[in-house]
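A.B. asks: Attaching a single structure in structure tokens format; questions to follow.
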Amino acid sequence: MSSRVFEFSDEGRDKISAAVDEPVVMYQLFDSDSGLADAGHPMMVLRDSAKTMVHHTSGTFLNQDQRTAFRFGKSSDQLFADILRLDSRFEDLIRWLGENKSQVRLSGVQTGEGYAVYRIHAVDTTGRHRLSSEDSFLQLVIERLLASDPPHKAEVDMDEEASEELRLTDLATIENYLRIAGNTLPVNIRDWAWRNLMMTRNHAISQEERRHAQRALSIMLGVSWKSDYFPPIDPVRARAILDENLYGMEKVKQRIIETVIQMNRTHTLPAYGLLLAGPAGVGKSQIAYAVARILALPWTSLDMSTISDSEALTGSPRVYANAKPGRIMEAFSQAQASNLVFIINELDKAEAGGGSNPADALLTLLDNLGFTDNYMECTIPTSGVYPIATANDKGRISEPLMTRFALIDIPDYRPEEKKIIFQDFSLPKVLRRMAMTEDELTITDEGVDRVISAYANAPGVRDLEQAAEHLAANALYRIETEGVRSVCFDVRDIESLLGD
């Protein structure tokens, strides 16, 4: 086979008037681990010597069997811009767009190197209007590619618009995703996905099995599978988040800051999660939410008191018509991320009912060796999962589970601490929630003492927040019905509202 060499004058370099028999690769690949695309971190750079490409330029990528270029302009006077440099993560995407002759709109900026592309949208033939479903799929793929490592690094280490609402459900979209973004998946999941895609088209098996395979694909590909590398975390900001959400608890805060420092050194999660043991209402769940915010991770929760059989966690085999994934896999699906804070509430209430003990199913999740769901039939990585368990009675937790956590005992608050929490945290939070100002409701110091004494025997501070809401609602009622501008509660008012 022969190929023709394109030669351009300086004035007409961007016009092509010849055809080729073999592909002409014009670009050089470069590796980038940037999680965003902008003028400084473009997806690609195009040659546009005449500076004809504007901020938004619509056209199509050529089939790479012909040439690695972008075609734009009016049909009567089409222009071509060769791809000079291409982020290696986007090579399959650009090839796919060219093969499908997809009409796209590039957003970019002219630089000394060329036209730097940092956004791509699927548009109609006019180039002005986005195509809803096609663009949603394209933005999902771009977002996943930006979140991934360069292909060679992924093999070694074996955004302006959100698009995670899109679910990969139909088979054509699933196949396109695997072709374009398959390298963003862990190797075993990528191989699993292609096998299951083949199953959906194998009429030698039952329709029920094909349906299960398609559903499993949709669930698995709905998760953004990321590496277990964690970027540095500012410990000062982490401490500010803890102080904003938690009063006191210096031991807890110290342990969390130690975790942050450790992660900054290793760029991985600690080998052990946290077990927060203490009476109800002391803020155990609040600690977990604060940790998720510090780590910049989504969070998901699992209430062990509602589970009496391990199959609820591990899923049921596909041989059953009503088979479905377990709650652990569903948690990944809901979070749409492989790296997350996994909150296991009431671990001490995990007891076997008529079947096997559900707590035993947690062991593989906590060991960071991967978790296998019976429905998915694939081992999923868990090295990016940070488990935080809560318990009221740690004595009811089995020894194997206890050894998977770093234990932190959280004692109940002293009366003087409850007073500060009520005044500085609970009441202000309730007022903000009810759109009230601090001037509209005040409580005398003796009145606050009466509130605290009313709940002296109640563990935690949950009852104090409920009392604050009761008082704020009463004050708001009086403001709206009696025309007063503010309400001040004293001891007698508190006793009247909360009871003796």
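Values in this text are rule-based calculations from the coordinates and carry no lab data. Computed from a predicted structure; not experimentally measured. Cβ coordinates were reconstructed from backbone atoms using ideal geometry, including for glycine residues, and neighbour counts include every protein chain displayed.
A.B. asks: Kindly provide the set of residues from the stretch 95-139 that are of a type in the set (A, V, I, L, M, F, W, C) and either under 21 Å from Val45 (Cβ atoms) or touching a helix residue (DSSP H, G or I) at 6+ places or on another chain (Cβ under 8 Å) (or both), ordered by number.
C.D. replies: Here is the first cut: in the stretch 95-139, the residues of a type in the set (A, V, I, L, M, F, W, C) are 96-97, 104, 106, 109, 116-117, 120, 122-123, 131, 137-138.
Within the stretch 95-139, Trp96, Leu97, Val104, Leu106, Val109, Ala116, Val117, Ile120, Ala122, Val123, Phe137, Leu138 qualify.
A.B. asks: If Gln254 satisfies every condition in (1) surrounded by 14 or more Cβ atoms within 10 Å (Cβ to Cβ); (2) over 30 Å from Glu209 (Cβ atoms); (3) over 20 Å from the mean Cα position of the chain (by Cα); (4) of a type outside the set (A, V, I, L, M) but one, which is the exception?
C.D. replies: (1)
A.B. asks: Among the candidates Gly273, Gly278, Gly248, single out the residue that is within 23 Å of Arg414 (Cβ to Cβ) and touching a Pro at 6+ places or on another chain (Cβ under 7 Å).
C.D. replies: Unique residue meeting the criteria: Gly278.
A.B. asks: Considering only the stretch 294-337, how many residues are within 30 Å of Pro232 (Cα to Cα), touching a strand residue (DSSP E or B) at 6+ places or on another chain (Cβ under 7 Å) and of a type in the set (Gly, Ala, Ser)?
C.D. replies: 4
A.B. asks: Sticking with this structure for a sec: Considering only the stretch 275-329, how many residues are in a loop (DSSP other than H, G, I, E, B), more than 16 Å from Asp373 (Cβ to Cβ) and under 26 Å from the mean Cα position of the chain (by Cα)?
C.D. replies: So the first thing to find is which residues in the stretch 275-329 are in a loop (DSSP other than H, G, I, E, B), and the list is 278-283, 296-298, 307-310, 315-326.
Filter again for more than 16 Å from Asp373 (Cβ to Cβ), leaving 278-283, 296-298, 308, 321.
From the residues that got through so far, the ones that are under 26 Å from the mean Cα position of the chain (by Cα) too are 283, 296-298.
Residues in the stretch 275-329 being in a loop (DSSP other than H, G, I, E, B), more than 16 Å from Asp373 (Cβ to Cβ) and under 26 Å from the mean Cα position of the chain (by Cα): 4 in total.
A.B. asks: Here is a further query. Among the residues of the stretch 398-427, what is the count of those that are outside any helix (DSSP H, G or I) and either surrounded by fewer than 21 Cβ atoms within 10 Å (Cβ to Cβ) or of a type in the set (Ser, Thr, Tyr) (or both)?
C.D. replies: Looking only at that region, the number is 12.
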